[in-house]
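Okay, so here's the structure we're looking at.
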Amino acid sequence: MNSRNSVSSSWLVGIGLAAVFAFIQPVSAGVDGQFKHAEKLYDTYCTQCHGVNRDGNGVNSVFMSVQPRDHSDAKGMGDIPNSEIVDVIKKGGLAANKSVLMPAWGGVFSDDEVNQLAAYLRHVCKCGSDQ
């Protein structure tokens with residue numbers, strides 16, 4: 001392989017990778033940055049199960065008997081009261097008779113962070129600010 005073909009191949013691989021990553025970008029926190037901290041928490045603690053697209057298809061979901069909630073689903077999320085969202089984040093899935101695989105984050109996140117995450121989930125699903 002000559003150096004010209006090597007450069008062309010590297011360029012094509014780079015373009016291909018850029019195209020793949022374009023499809024797995026996380027949901028934007030919004031122009032004003034209102035949800036920036038909550039988005040960072042979600043990206044750090046939640047995407048492994050709930051996915052970078054917030055659709056319940058994280059890398060760990062393949063191995064789970066109960067699939068993680070799709071946070072981008074307006075109908076499914078819209079039916080859940082904020083108090084339940086806060087309880088599940090703080091106390092885990094068992095707080096709402098949901099999957100035991102959803103961990104309790106109350107010892108990790110402050111009350112303010114939990115409330116920010118709940119508001120962020122409403123932003124992600126586009127299902128209203130309060131229930």
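The values are calculated or read from the model by the stated rules, or taken from the named source; none is laboratory data. In this text, all values refer to a predicted model and were calculated from it rather than measured experimentally. When we count neighbours, we look across all protein chains shown, and the Cβ atoms used for this are built from the backbone with ideal geometry, even at glycine. Heads up: the accessible areas ignore ligands, DNA and RNA and are worked out on the full protein's heavy atoms, side chains in. Shrake-Rupley method; radii C 1.70, N 1.55, O 1.52, S 1.80 Å.
With all protein chains in place and a 1.4 Å probe, the accessible surface of the stretch 40-125 carries 54 percent carbon and sulfur. Modelled label positions at residue 108 and residue 66, each set 7 Å beyond Cα in the direction of Cβ, lie 1.7 nm from each other.
Peptides 80-86, 106-112 ranked from most to least packed, by the mean per-residue count of other Cβ atoms within 10 Å: 80-86, 106-112. About its Cα centre, the dipole of the stretch 52-92 is roughly 120 debye, where the only charges are +1 on Lys and Arg Cβ and -1 on Asp and Glu Cβ.
Charge tally for residue 70 (other residues, Cβ to Cβ under 12 Å; Lys, Arg +1; Asp, Glu -1): +1. Sparsely packed loop sites in the stretch 41-131 (the trypsin sites (Lys or Arg not before Pro) outside DSSP H, G, I, E and B with at most 16 other Cβ atoms within 10 Å) comprise 98, 126.
Taking a ≥ b ≥ c as the square roots of the eigenvalues of the Cα gyration tensor, the stretch 88-131 is classed as oblate, since a/c reaches at least 1.5 and a/b does not exceed b/c.
Of all the Cα-Cα pairs you can form in the stretch 61-107, what percent are over 17 Å apart? Roughly 35 percent, once rounded to a whole number.
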